[in-house]
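Note sheet for the following structure.
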Amino acid sequence: MTNHLSKLAIHTITNKPWSTEQCIENYARAGVSGITFWRYSFEGRSPANVGRQAREAGLEVVSVARGGFFPATTAAGLQRAIDENRRAIDETAEVGAPSLVLVCGAVPGQPLQASRQQIQDGIAELLPYASERNVILAIEPLHPMYADDRSAVNTMAQASDICEALNSHPNVSIACDVYHTWWDPDLEREITRAAAFGNFTAFHICDWKTPTTDFLNDRGLMGEGCIDIPSIQQWVADSGFNGHHEVEIFSNRYWSMDQDEYLKSILDSYQKLRGS
Ligand code: ZN
């Protein structure tokens, strides 16, 4: 069983009702091998202490979510985003995670092309800082339904284009989340491309329910929806990716249930997926 879970990581937001300490304790006890901290998990705590607690419990600190939100319509807004991302990079370094996930941002009404340029420029500006602190900035393309205000980067191809425009700098990469990318006819090719350039460093899993009643907070457990996760998982493995499979589920339905029961369901659906 432990072997089956050796690549399983969970995002703290998946069990949002739990405190940071409860997530660490309960994931470790269940045999989960990695944890990704959402930044709210550091509130009132030192990220360095949180990282130490996780490692002492036997968990690998996989990543921090999230930085990004670069686009703005004013110079002050652009600067605020850079400053906030520096803080996120600091927290990532302090907790001892290798990477910070970027939800890149968008401004309603601003042309997407302008937002994309601001995203690339913002990442370029942060790269020396991220590099000094040994933090990889992992661009997470978001489903196009979020192109209005969450991310102007909506495909793996766009994320790879940014990485390559930044000369495949070792401190920039891509986080592929099945919820955002499963529909993309080029997904297999783009996973292979990103990995070939060394730009593929994170893999997020959950499922897309039919019907989905809330496009933010009604994600499903793996196997509960229509995403062909086994195929995507195979493409990711074939690309040479050997990192964690990070369960990231926003769900009002699951947040309202008993979290111990829910964690059992997560392990169950993950093990079915790995056996498939
Ligand atoms: Zn994700």
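In a helix (DSSP H, G or I), under 19 Å from GLN120 (Cβ atoms) and away from the ligand (no atom under 16 Å from the Cβ): is that true of GLU188 in this structure? Taking the combined requirement at face value, the residue does not satisfy it.
The number of residues in the stretch 242-266 that are within 17 Å of the chain's Cα centre (by Cα) and open to solvent by 60 Å² or more (accessible area, probe 1.4 Å) comes to 1. Looking across the stretch 242-266, just one residue is of a type in the set (D, E, K, R), in a loop (DSSP other than H, G, I, E, B) and away from the ligand (no atom under 16 Å from the Cβ), and that is ASP258. Give the residue that is surrounded by the most Cβ atoms within 10 Å (Cβ to Cβ), with candidates limited to residues of the stretch 109-145 that are in a loop (DSSP other than H, G, I, E, B) and of a type in the set (D, E, K, R). Residue satisfying both the conditions and the ranking: GLU140. If you go through the stretch 69-97 and keep only what is open to solvent by 10 Å² or more (accessible area, probe 1.4 Å) and not in a helix (DSSP H, G or I), you end up with PHE69, PRO71, ALA72, THR73, THR74, GLY96. Give the residue, chosen from ASP161, ASP148, that is open to solvent by 50 Å² or more (accessible area, probe 1.4 Å), part of a helix (DSSP H, G or I), away from the ligand (no atom under 16 Å from the Cβ) and under 16 Å from CYS104 (Cα atoms). When all the criteria are applied, what remains is ASP161. Screening ALA196 on (1) more than 18 Å from VAL103 (Cβ to Cβ); (2) open to solvent by less than 40 Å² (accessible area, probe 1.4 Å) shows it passes everything except condition (2). Taking each residue of the stretch 57-82 that is farther than 15 Å from CYS104 by Cα and looking for partners that are open to solvent by 60 Å² or more (accessible area, probe 1.4 Å) and not β-branched (Val, Ile, Thr) with beta-carbon atoms closer than 8 Å, six or more apart or interchain, yields ALA57/GLU25; VAL61/ARG55; VAL62/PRO98; SER63/PRO98. Being open to solvent by less than 30 Å² (accessible area, probe 1.4 Å), without any contact (Cβ under 8 Å) to a residue 40 or more places away in the chain, in contact with a helix residue (DSSP H, G or I) (Cβ under 9 Å, 6 or more places away or on another chain) and under 23 Å from PHE37 (Cα atoms) is a condition met by at least one residue of the stretch 211-219. Within the set SER269, SER239, SER231, the sole residue that is open to solvent by less than 50 Å² (accessible area, probe 1.4 Å), in contact with a Phe, Trp or Tyr (Cβ under 9 Å, 6 or more places away or on another chain) and more than 16 Å from the ligand (Cβ to nearest atom) turns out to be SER239.
Pairs are defined by a Cβ separation below 7 Å, a sequence spacing of at least 6 or placement on different chains, a first member in the stretch 166-179 that is under 24 Å from ASP228 (Cα atoms), and a second member that is among the acidic types (Asp, Glu) and more than 16 Å from the ligand (Cβ to nearest atom); no pair meets this definition.
Is there a residue being buried (at least 19 other Cβ atoms within 10 Å of the Cβ), modelled with pLDDT of 95 or more and part of a loop (DSSP other than H, G, I, E, B) anywhere in the stretch 171-181? The answer is yes; a qualifying residue exists.
Conditions (1) buried (at least 16 other Cβ atoms within 10 Å of the Cβ); (2) outside any loop (DSSP other than H, G, I, E, B); (3) more than 16 Å from the ligand (Cβ to nearest atom); (4) of a type in the set (Val, Ile, Thr), marked per residue:
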{"residue": "ILE10", "(1), (2), (3), (4)": "yes, yes, no, yes"}
{"residue": "PRO17", "(1), (2), (3), (4)": "no, no, yes, no"}
{"residue": "ALA28", "(1), (2), (3), (4)": "yes, yes, yes, no"}
{"residue": "PHE37", "(1), (2), (3), (4)": "yes, yes, no, no"}
{"residue": "ALA48", "(1), (2), (3), (4)": "no, yes, yes, no"}
{"residue": "GLY51", "(1), (2), (3), (4)": "yes, yes, yes, no"}
{"residue": "VAL62", "(1), (2), (3), (4)": "yes, yes, no, yes"}
{"residue": "ARG66", "(1), (2), (3), (4)": "yes, yes, no, no"}
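The values are calculated or read from the model by the stated rules, or taken from the named source; none is laboratory data. Not measured: the values here are computed from a predicted model. Note that we place each Cβ from the backbone using ideal geometry, even for glycine, and neighbour counts take in every protein chain shown. Heavy atoms of the whole protein, side chains included, go into the accessibility calculation; ligands, DNA and RNA do not. Shrake-Rupley method; radii C 1.70, N 1.55, O 1.52, S 1.80 Å.
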